[in-house]
Each structure stands twice: as structure tokens, then as C-alpha cells.
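Peer 1: This is the structure I have questions about; it appears just below.
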Amino acid sequence: MTLKQLEYFLEIAKMGSVTRAAQSLNISQPPLSLQLKALEEELGAPLFLRDKRRLDITPEGRLLRERAQAILALLEETARDIQAVSQEKQVVIRIATIGSVNNRLLPDKISQFCTRYPYVNFQVIEGRTDTVLVSLTEGHADLGFVREPFNVSSFRMVPIRDPALPPDELDYFVTIAKPHFYDAPGSSPITLEELQDKPLVTHRRYREMLVSACRKKGFSPHIICENDEIQSSLSWARAGIGIAIAPYTSAVLNDDSSLVIRRLESMTFSPRVCLVWNQSMKLSSEALAFINLL
């Protein structure tokens, strides 16, 4: 007994005629008659009493009609329920990220992703590179956006190209300051030697790198502030306190036209932004799709 046979049987019972049922179903009469005969043979009972004018349903046929209607109704209900469950499906991707990515890159990427995966929700934790890595290690986040340098031993990594940079160009360090902090006007690159005795503001993670680069040039930098957030460096620069040292892709978060951004020569390390995840953690198919989008 097949679902198609039950559908044919119900149409014959409704129309009271194989001919009219065949017309309603848009099939020829012989195959329909064969299906009805096969069903009766399988059940071992006649489903209709036949005369020249119409078919009269038998008691066995009435029982089958009742059960067939219930079966098909249950199948329709099941299909609707499955579709509803699929539509209500929700997946959460937990992302830990540094602030510069959360403010500039992440919103556009999530917007693109949600058009393909509307059932996915996001939990975003903003922090520093070290706190992002802790969140990944402790299983509080699925994916993380960090900035080099960091210990990659426990993580898989994908460098992220920032649209603020031309294709194939790596990120670099810049100075951000009010014009009077510079010895010469303009926006051309500046050397480390030109920063000697200038008040500098930098992220704590870049302090040793900056100190090492300056000492190779024969002087120690005058660092008046170390902080844990690039936004803090930009705020101090906007307040006219000193010259902020930051990656270019973070410096472009600045919206103060009175500040001058100049490329810093001699610090050749590229502070790339990377997407990382714990290599021992199994990611959902949606999280993997988000990685591939980047």
C-alpha cells in the first residue's frame, strides 16, 4: 500500500467513478483502475460495489477512507511542523574581538552573513587581544579577532584583509597627533628619530617593540602613557596630550580632522588582524561558513 494508492482511492471515493476520478487527477483511466485493483488485492476485500452507473463504497472501503484521510492529514501536519522547526532553528556564533574590528569590519561581515543565514544570532565580546585569546581557550567564544603579535600555538589562524588598505598591502604603524607636535608640516612618512623627546602614547602590547626600535636608533622613547585600548590612544591624541602610535587600520577610526596621521618608518613589523579559533574545539557548520565568508 502506497500513499499514491491512498490518494487515488480517496479521489475515486469522492467522485464515485473511476472515469471522473481519472479526469480529476489528470491521468488515464486504465492505470487508475489497475491501482485500485492492486489495493483491493492487497487488502483482500472489495472497496467498491460496481454497477453500470457508479461505484458504491463498501464497509471496508469506508473504513479505509477514514484511515486514509487521517494518514494523509497527519503527513501534512508533520510536514508543516518540520518546516516550522526549520524556520525557528537558531544557531549562536560567539565572537570575541578587539574593538577596532568590532567598530569597522565586523558589522558589514555579519550583515552579509545574515542574508544567507537568517537564523544565526551572534554574541560579541569586545576586549583586548589577550582577553580574546583567553575567551577562546576557556571555550567562551567560538571565533576571535585579534591583532598580531600573539602566541599561535593553540590556535588556527586566518589573516584578515582590511578594506582600508590597498590590495596586497600589509598594515603598518602610524603616528596620530595635533600638527604642532611635528617638526615639519605635511603628511609624509616620519622617522623614529623625529620622535626623540616627543611625548608618546601607545598600546601596552607595542611598548617593547617601540622601545627596541628606538634604542636601535640610539635613544629611548619618551612614553607618557601606555594603555590597553587603541581608542584611548586616539583620545589622548585628540586632547593634544601627545603623539599616539598605532596601526594604520586602527588610526582610521579617528574622525577628528584636526589630527595628522603620518606613516612611521623603521617599525617594519606588520600588526595584522587575524581571525583565530581554538584548534581543539569543534565548530558548527555555520561558524565554518562565517570563516569562509572572510
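Peer 1: Helix 106-116 versus the longest principal axis of the chain: what angle, 0 to 90°, nearest 10, using Cα atoms?
Peer 2: 10 degrees
Peer 1: A further question on this structure: Could you go through region 61-66 in sequence order and give the Karplus-derived ³J(HN,Hα) for each residue, using 6.51 cos²θ - 1.76 cosθ + 1.60 with θ = phi - 60°, rounded to whole Hz, and x for Gly and Pro?
Peer 2: x, 5, 5, 5, 4, 5
Peer 1: With every protein chain kept in place and ligands, DNA and RNA left out, what is the accessible area per residue of the chain? Probe 1.4 Å, answer in Å².
Peer 2: Averaged over the residues of the chain, the accessible area is 55 Å².
Peer 1: In the chain, which longest range has no GluC sites (Glu not before Pro) that are both DSSP loop (not H, G, I, E or B) and surrounded by at most 12 other Cβ atoms within 10 Å? Write down the numbers at each step before the final one.
Peer 2: Details: sites that count: Glu88, Glu138, Glu169.
That gives 170-294 as the longest site-free run.
Peer 1: What are the chymotrypsin sites (Phe, Trp or Tyr not before Pro) within region 67-140 that DSSP puts in a loop, where the Cβ has at most 13 other Cβ atoms within 10 Å?
Peer 2: The qualifying sites are Tyr119.
Peer 1: Loop only by DSSP, 16 or fewer other Cβ within 10 Å of the Cβ. Give me the trypsin sites (Lys or Arg not before Pro) in region 1-103 that pass, ordered by residue number.
Peer 2: On the way: sites: Lys4, Lys14, Arg20, Lys37, Arg50, Lys52, Arg53, Arg54, Arg62, Arg65, Arg67, Arg80, Lys89, Arg94; in loops: Lys52, Arg53, Arg54, Lys89.
Those that pass, being in a loop and sparsely packed, are Lys52, Arg53, Arg54, Lys89.
Peer 1: Per residue of region 272-288, in order, report the coupling 6.51 cos²θ - 1.76 cosθ + 1.60 (Karplus, θ = phi - 60°) as ³J(HN,Hα) in whole Hz, putting x for Gly and Pro.
Peer 2: For region 272-288, the Karplus-derived couplings read 5, 8, 10, 8, 10, 8, 5, 5, 8, 9, 7, 9, 5, 4, 5, 5, 5 Hz, x marking Gly and Pro.
Peer 1: Another question, if that's okay. Would you mind checking which residues have amide H under 5 Å from Val120's amide H? H placed 1.01 Å from N; only 5 or more apart, or other chain.
Peer 2: Val91
Peer 1: Now for a separate question. A 21 angstrom limit on the alpha carbon distance is what I want to check against. Which of Lys178/Lys198; Lys178/Lys217; Lys14/Lys52; Lys14/Lys37 exceed it?
Peer 2: Lys178/Lys217
The values are calculated or read from the model by the stated rules, or taken from the named source; none is laboratory data. None of these values were measured; they are calculated from a predicted model. Neighbour counts run over all protein chains shown; Cβ positions are idealised from the backbone, glycine included. Ligands, DNA and RNA are stripped out before the accessible areas are found, and what is left, the full protein with its side chains, is counted by its heavy atoms. Shrake-Rupley method; radii C 1.70, N 1.55, O 1.52, S 1.80 Å.
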